[in-house]
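> Take this structure first; my questions come after.
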Amino acid sequence: MDSPAPLPSSILAKKIDPDRAIRVQRAADYPKQVWYLLASFIVFLSICHVISLLFNRARRIQGRNGERGRISLRRVPLAFVNVFRVMAFRWTIPIGNYYTLNVAEIFLTAAYIAIIFTWSLINSTSTIGLKFDPKYYANRAGHIAALQTNLLVALAMKNNILSFLTGISFDKLNYLHRVVARTSCILVWLHAGGRFQLGLSGETDLENPWMRSGVMAAVALTLVTLFALRPIRDASYEFFKIFHFATAVIFILGAYFHSSELGPWGPYIWPAILLWALDVFLRFVRVVLSNVNNTTSIEVLSPHFLRLSVDKPRFFHWRAGQSVYLTLPGISFWQAHPFTIAYEDESKLVFFVRVRKGFSKRLLMNAEQGKMRVWMDGPYSSPPLIRGCDSVVFVAGGSGVAFTLPLFLEALEKSRSSGAPYPRIVFVWAVRDQTHASWIYKPLLKALKDLPNDLQIKIEIYVTDTAGAHEEAGREWDDDSVPPSRDESEEKAGGSANSKDALDPFPFGDVLTIKKGGRPDLDKILSGEVGKMGGGTISVNVCGTVALANAVRGSLRSPRFGDIVRGGPSILLHVEAFGTV
């Protein structure tokens, strides 16, 4: 038998790498394991959402007037659910001057970061005992980062499949979008640092286009992450939106060209491009089909608030609490801004706009032009489900009434058509000036007609700034954070043509109360509602500043385990806050 041919000297001279097969396999398996874990959590949330929807449909009015009894073991599961809600969503931790996170957000953030970096760095010790060998973790970190791009885009979509599956509105998922972006940014530089440590030569030389694409993607992701920090973002939000779009495009395209050179990792990026393109396409189609000759009229309610009345498109359907994105080409052709639909009036959608700077400031300056062309994209967001609740409480500050008012009007309409499906409805609104109450006079007067006799309604409007009194307290709860102008002060002191439009409580009888010179005592209001109920469910819905949202959370922060097992009501809380992380 012939002896085998000798191996070439060039091959014999090469040092055999015993780690190569191991690290290649781990670099292929670990990113998939991360994705399977995250997908499993999304499935779990989807199942919880379905169960919640079924429970909501089956929920029936069952409350009694403040009755408490002996401990009922049947109510123990409900008590545990209520304790979980309190601990997860109402216990908050302030982080610096800008951030307030609840326990659920902190847990999800910590768990996600732990998963990402554990799978990136675990088992990265070489066969010779070198810990955290960059040959092990460098490429693996890049592969895991490539997979996160799909989640990053999915969380940012307006037409959001994750929102559909979990019931969490896209604007609340935006917090997780920022968490994923910031974590991915660190992961990308962990990948880059490992490659630099190993040396850039041959295929990994920076002269190669695919390497330059990777550097371009890393720089773009770093810039968009830095500019997305809230202090920077709030300084010039309109610039941030343009900058965010441009750098996001650079990042995704750069990441695709960088990863596609490696073969199997290119497919981990192109689904993100497909998701983004699909979202843009759906939004474009919606805008084209529902915005034929649409116009809006602009009414100046005060120097700091506007009311827009937009022609309702023919095939437009919306739910109370939903928002749309409005683009006024005459003011800004490229910018779309979200506004909540306050109510519908004679085939017109009405919006309240808080005048700040940028778009809303230009809107005020162009108010005298009369009607303007408008493009509308929506509706979006997932309003709270209040069906079957024994008591419903709405709390708003300033223009936050645009969220609570349509929910309140819808509850009244269902009570009129179905015979008091909500036995008790409470509406609380904190405003800086009594004249602001006239904004909701027309829809309120119409909605309060012909209601069932057994329906209990309480409307309380709190004027937080009376001739300067309690001014600082009022600003904390109202989004009108600027001092009253000279014109406004003169109106308060001597009256004006607009002062006669202040809401007159007379047509509403005992239903409406206007209280001047202080903000609502939320502890007293909410504890009073809890005390009046025996069993059943109370739905509390709040929209306003972060301070107002935290005040409501604080009032509902007690777990109340003993009270619930003795017959006390469970409480559902939905928060729509102006502030974001």
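> Show Lys449, Lys357, Lys515 ordered by accessible area, largest first, where the area counts protein heavy atoms only and the probe is 1.4 Å.
On the way: Lys449 115, Lys357 140, Lys515 80 Å².
Result of the area sort, largest leading: Lys357, Lys449, Lys515.
> Taking R0 as 45 Å, what's the FRET efficiency between Ile93 and Phe284 from their Cβ-Cβ distance, rounded to 0.05? Could you put the intermediate results ahead of the total?
Values: r = 41 Å, r/R0 = 0.90.
Once the sixth-power term is evaluated, E becomes 0.65.
> Report the gain in length on full extension from Glu413 to Trp270: 0.36 nm times residue separation, minus Cα-Cα distance, nm rounded to one decimal. Can you show the working numbers first?
Numbers: separation 143, 0.36 × 143 = 51.48 nm, distance 4.70 nm.
Roughly 46.8 nm would be gained on extension.
> Between beta-carbons, use under 13 Å as the cut-off and find the net charge around Thr92, counting Lys and Arg +1, Asp and Glu -1.
Details: positive: Arg90, Arg553, Arg557; negative: Glu105.
That sum, taken over residues with Cβ under 13 Å, equals +2.
> With all protein chains present, how much of the accessible area of the range 295-354 (probe radius 1.4 Å) comes from carbon and sulfur, to the nearest whole percent? Kindly include the intermediate steps, with their values, before the conclusion.
Numbers: 1250 of 2480 Å².
With neighbouring chains kept in place, the figure for the range 295-354 is 50 percent.
> Please work out how much length the chain gains when fully extended from Leu121 to Trp210, using 0.36 nm per residue of separation minus the C-alpha to C-alpha distance, in nm with one decimal. Kindly include the intermediate steps, with their values, before the conclusion.
Values: separation 89, 0.36 × 89 = 32.04 nm, distance 2.48 nm.
Length gained, Leu121 through Trp210: 29.6 nm.
> Could I ask something else about it? Answer rounded, prolate or oblate for the range 246-371, using the Cα gyration tensor with square roots of eigenvalues a ≥ b ≥ c: rounded when a/c is under 1.5, else prolate when a/b is larger than b/c, else oblate. Don't skip to the answer; put the middle values down first.
Working: a/c = 3.12, a/b = 2.10, b/c = 1.48.
Here the range 246-371 falls in the prolate category.
> Do you know the relative contact order of the range 255-379, to the nearest whole percent, from alpha carbon pairs under 8 angstrom that are 6+ apart? Before the final figure, lay out each step's value.
Numbers: 189 pairs, mean separation 36.4, N = 125.
Worked out over the range 255-379, it gives 29 percent.
> Further, regarding this structure: What length, rounded to one decimal in nm, is gained on full extension from Leu226 through to Val76, with 0.36 nm per residue of separation minus their alpha-carbon distance?
Details: separation 150, 0.36 × 150 = 54.00 nm, distance 4.65 nm.
Between Leu226 and Val76, full extension yields 49.3 nm more.
> Assuming R0 = 60 Å, what is the FRET efficiency of Ile16 and Lys361, from their Cβ-Cβ distance, to the nearest 0.05? All intermediate terms of the calculation are to be shown ahead of the outcome.
Numbers: r = 69 Å, r/R0 = 1.14.
Once the sixth-power term is evaluated, E becomes 0.30.
> Ile232: net charge of surrounding residues, Cβ under 14 Å, Lys/Arg +1, Asp/Glu -1, itself excluded? Each step should come with its number before you reach the end.
Working: positive: Arg178, Arg182, Arg230, Arg233, Lys241; negative: Asp234, Glu238.
Overall, the nearby charge balance is +3.
> Oh, and also: Using the Cα atoms as the points, what is the convex hull volume per residue of the range 86-201 in Å³?
Numbers: hull volume 16.8 nm³, N = 116.
It comes to 145 Å³ per residue, whole-number rounded.
> Find, among the chymotrypsin sites (Phe, Trp or Tyr not before Pro) in the range 302-393, those assigned to loop by DSSP (not H, G, I, E, B) with at most 11 other beta-carbon atoms within 10 angstrom.
Details: sites: Phe305, Phe315, Phe316, Trp318, Tyr325, Phe333, Trp334, Phe339, Tyr343, Phe351, Phe352, Phe359, Trp375, Tyr380; in loops: Phe315, Phe316, Trp318, Phe333, Trp334.
Answer in residue order: Phe315, Phe333, Trp334.
> For the pair Asp450 and Ala104, how long in nm is the line joining their label points, each one 7 Å along Cα→Cβ?
3.9
> Mind giving me the FRET efficiency for Glu344 and Arg57? R0 is 22 Å, r the Cβ-Cβ distance, nearest 0.05 is fine.
Numbers: r = 26 Å, r/R0 = 1.16.
Approximately 0.30, to the nearest 0.05.
The values are calculated or read from the model by the stated rules, or taken from the named source; none is laboratory data. Keep in mind that this is a model prediction, so the values were computed, not measured. Counting neighbours? That spans all protein chains shown, and the Cβs are built from the backbone with ideal geometry, glycine included. When the accessible area is computed, the model is the full protein with side chains, heavy atoms only, and any ligands, DNA or RNA have been set aside. Shrake-Rupley method; radii C 1.70, N 1.55, O 1.52, S 1.80 Å.
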